[in-house]
Amino acid sequence: MKSALKPWRQILGLLILGLLIYLLDLESLLALVANSDWILLGTAALLLFLENVIVALRWKTLLVPLEIEETTGSLLRIYLAGHLLSYFIPTSVVTDVYRAFTFRHRGRAVEVASSLVVERFLGAASVLVAMVMGGFLVAAEAQHLQIARPVGIFTAIFAAGCLVMVLAVGASDTLLRLMPARWPRIASIAERLAEGLRQYATAPRALMVGGGLSLLIQAIRVLTVFTLFRAFGTDVGLGSCLLIVPMAYLTNMVPGIGSRLGTEQGVFVVLFGLLGIAPEPAFAVSIANVGLGALVALPGGLEFLRQRELADD
């Protein structure tokens, strides 16, 4: 966790955010906010809450092969608490670390971590599917060849990451045997993690349902951004959102540079700009997406305080 607290990511995000604000037409930006549709903004907030509920349902589904039973409401509270933490400790893994940490009192934190690894893999696959579908829709709407290179780079990186993850799981036994004897604690944790991952080899139903819910999560994220553009009076094709929104979330997962404030706004401005969207509405949509997401996650603060009391006990 120490690396997560290093200020480099925050500094980079703030620098990007400051540069964008300097380059944007603030008068136009303020006019967009003043004339925004509050009903559509509220709709976007409801969609963000629905996304969190679906995330909790996916997590519950992936815990079944590990024989860990938990209510959807409890998992939702835990996820919201971890999600809220990610706004204060801007790293892509803080939410997952917190979610696994909450199961420490049961001695199941490592097994829960294996469910989160599978969840990341399913999320990555759903991002690739969304980007491919978005690419076809954008091509059908208009010829935006300038977007082809960024899409190709993002797709190649994500495909390589998925391949590495699959190979690592498949070679877990070999990797464990290579660990030095002086690392018994690390080897024990890695073995339990690998054993948890093996449980999914005999749980195709959980993987299929989890994969379907991952696609639904991507659809809700895309629809949220599409709704926010409408709230700010900007006409953006659904295919454009389907192509770019997963890429923005992917950028947030990149170690060292991903950040909801700064980096994400830069991705929105640049990539939507390649499709002919003005920078001001793209920036406003990204900021609103982050702000509403934090607002929806606020109830997670109560769960965080409850977990702290359990830790003190």
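Of the residues V169, V209, the single one that is at pLDDT 90 or above and surrounded by 12 or more Cβ atoms within 10 Å (Cβ to Cβ) is V209. Somewhere in the range 227-246, is a residue surrounded by fewer than 20 Cβ atoms within 10 Å (Cβ to Cβ), modelled with pLDDT under 80 and not small (G, A, S)? Checking the range 227-246: not a single residue is surrounded by fewer than 20 Cβ atoms within 10 Å (Cβ to Cβ), modelled with pLDDT under 80 and not small (G, A, S). Do the conditions hold for V269, that is, is it over 11 Å from I16 (Cβ atoms) and modelled with pLDDT of 85 or more? Judged against the criteria, V269 is not a match. When A4, A45 are screened for being modelled with pLDDT under 90 and either in contact with a helix residue (DSSP H, G or I) (Cβ under 7 Å, 6 or more places away or on another chain) or not in a helix (DSSP H, G or I) (or both), only A4 passes. The residues of the range 33-42 that are under 27 Å from the mean Cα position of the chain (by Cα) and in a helix (DSSP H, G or I), listed by number, are V33, W38, I39, L40, L41, G42.
Is it the case that L66 is surrounded by 13 or more Cβ atoms within 10 Å (Cβ to Cβ) and closer than 28 Å to E280 by Cβ? Against the criterion (surrounded by 13 or more Cβ atoms within 10 Å (Cβ to Cβ) and closer than 28 Å to E280 by Cβ), L66 does not qualify.
Taken over the range 7-42, the criterion of being closer than 30 Å to L76 by Cβ, at pLDDT 90 or above and surrounded by 12 or more Cβ atoms within 10 Å (Cβ to Cβ) is satisfied by S36, D37, L40, L41, G42.
Of all the listed residues (L40, L47, L57), the sole one being of a type in the set (A, V, I, L, M) and either farther than 29 Å from F232 by Cβ or in contact with a strand residue (DSSP E or B) (Cβ under 9 Å, 6 or more places away or on another chain) (or both) is L57.
The values are calculated or read from the model by the stated rules, or taken from the named source; none is laboratory data. All figures in this text were calculated on a predicted structure; none of them were measured in a lab. In this analysis, Cβ positions are derived from the backbone assuming ideal geometry, glycine residues included, and neighbour counts consider all displayed protein chains.
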